[in-house]
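What follows is a set of notes on a single structure, which appears directly below.
The values are calculated or read from the model by the stated rules, or taken from the named source; none is laboratory data. Here the structure is a predicted model, which is why all the values come from computation and not from measurement. Quick reminder, even Gly has a Cβ in these numbers, built from the backbone with ideal geometry, and neighbours come from all protein chains shown.
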Amino acid sequence: MHMNPAAKPAWDRLAEALMETSPDCEGDDRYITDINTADDKRVMWEMCSACPLLALCVDYATTERPKGGWWPGHNLKPSTRKEAA
């Protein structure tokens, strides 16, 4: 994985927390695709909102700006980046 060097500390904190906490999104393929139904997006947003790792995920995603997938309640597909701002 190629990572923005500025995002490494945020990733390390998130990865460490993931060793102790399994978020509801773990293993959910909806989070790694850029195409989801409106119902999927609502459910995913609710899952992110209730996640104990949300702040760490937000920190990483806003620093790294992943090129796709679903990160802290937002689809980060390039055409929808304004939605996540």
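If you take the residues in the range 1-12 that are over 14 Å from the mean Cα position of the chain (by Cα) and either assigned to a loop (DSSP other than H, G, I, E, B) or surrounded by 11 or more Cβ atoms within 10 Å (Cβ to Cβ) (or both), which one is modelled with the lowest pLDDT? Talk me through it step by step, then tell me what you get.
At the first step, the residues of the range 1-12 found to be over 14 Å from the mean Cα position of the chain (by Cα) are 1-6, 8-9, 12.
Then drop every residue that is not either assigned to a loop (DSSP other than H, G, I, E, B) or surrounded by 11 or more Cβ atoms within 10 Å (Cβ to Cβ) (or both), which leaves 1-4, 8-9, 12.
Numbers: 1: 60, 2: 80, 3: 84, 4: 88, 8: 95, 9: 96, 12: 97.
Checked the range 1-12; the qualifying residue modelled with the lowest pLDDT is 1.
Being closer than 19 Å to residue 33 by Cβ, modelled with pLDDT of 75 or more and among the aliphatic types (A, V, I, L, M) is the filter here, so list the residues in the range 50-85 that pass it. 61 - this is the single residue of the range 50-85 that is closer than 19 Å to residue 33 by Cβ, modelled with pLDDT of 75 or more and among the aliphatic types (A, V, I, L, M).
Report yes if some residue within the range 22-33 is surrounded by 10 or more Cβ atoms within 10 Å (Cβ to Cβ), part of a loop (DSSP other than H, G, I, E, B) and touching a residue at least 60 places away in the same chain (Cβ under 8 Å); otherwise report no. No, every residue in the range 22-33 fails to be surrounded by 10 or more Cβ atoms within 10 Å (Cβ to Cβ), part of a loop (DSSP other than H, G, I, E, B) and touching a residue at least 60 places away in the same chain (Cβ under 8 Å).
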